[in-house]
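Laboratory data are not the source of any read-out in this text; all were calculated from the coordinates shown. Keep in mind it's a predicted model, so treat the numbers as computed, not measured. As a convention, Cβ positions derive from the backbone with ideal geometry for all residues, glycine included, and neighbour counts pool all protein chains shown.
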Amino acid sequence: MKMKKLITLSIALLAFTFSNAQETTKITKKTTTKTTKTTKTTLPKVDGAGMVFASETIDYGTVAANSDGKREFIFTNNGNKPLIITNATGSCGCTVPSYSKEPIAPGAKGVIGVKYDTSRAGQPFTKTVTITSNAAGIPSKTLTIKGNVLAAEGQKS
């Protein structure tokens with residue numbers, strides 16, 4: 001009789017322990033799921049106009065000769081005053097930048113377009129675009145494009 005009570009008590013204790021272990025696991029999983037969703041990056045604020053680029057280099061990779069050479073640099077005005085771009089210049093005639101002449105409001109995004117002449121085929125390239133603006137502390141910003149244009153059919157590199 002004592003043996004039956006001891007076995008019954010042991011089984012009841014084990015069942016209780018396992019059921020609590022499962023509940024703890026469920027709670028831990030819920031907590032982990034909630035904490036992973038709260039990451040957000042913020043741009044540093046600037047007193048005056050600011051210009052922060054998503055990327056300061058565009059890698060064309062390997063492109064076909066005479067393909068579309070248009071790409072875009074995207075930036076945000078992280079200042080508290082409007083950003084005014086006064087000039088954008090390519091490092092050679094094969095790199096032609098474009099930009100909005102309108103002021104970019106604080107917190108707004110802007111675009112610097114660039115077109116590389118992909119008829120210049122057969123070798124790697126690295127070119128720059130220099131941006132002049134009223135950005136606080138950075139009146140001139142240099143961006144880079146790079147890549148490789150394949151030789152056209154029948155053309156030697």
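How far, in nm, would the chain grow between Gln123 and Lys101 when pulled straight, counting 0.36 nm per residue and subtracting the alpha carbon separation? Walk me through the numbers on the way to the answer.
Values: separation 22, 0.36 × 22 = 7.92 nm, distance 3.40 nm.
Stretched out fully, the Gln123 to Lys101 stretch lengthens by 4.5 nm.
Rounding to the nearest 20 debye, state how big the charge dipole of segment 99-149 is about its Cα centre with +1 on each Lys and Arg Cβ and -1 on each Asp and Glu Cβ. Numbers along the way, then the final one.
On the way: 7 positive and 2 negative charges, 19 e Å.
Computed charge dipole of segment 99-149: roughly 100 debye.
Annotation: extensible slack from Thr8 through Lys109 equals 29.3 nm (criterion: 0.36 nm per residue apart, minus Cα-Cα distance).
Note on segment 41-96: Kirkwood hydrodynamic radius from all Cα pairs is 13.9 Å, rounded to one decimal. In whole angstrom, segment 49-157 maps to an equivalent ellipsoid with semi-axes of 31, 11, 10, each derived as √(5λ) from the alpha carbon gyration tensor and ordered largest first.
Label zone (Ser55, point 7 Å along Cα-to-C-beta; backbone nitrogen cut-off 14 Å) within segment 71-98: 71-75.
Just the number, please: Stokes-Einstein D of segment 70-119 in µm²/s, Kirkwood Rh from C-alpha pairs, 37 °C, 0.692 mPa s. List each step's numbers first, then the result.
Details: Rh = 11.8 Å.
This corresponds to a translational diffusion coefficient of 279 µm²/s.
Placing pseudo-labels 7 Å out from each Cα toward the beta carbon at Asn87 and Thr130 gives an inter-label distance of 0.7 nm.
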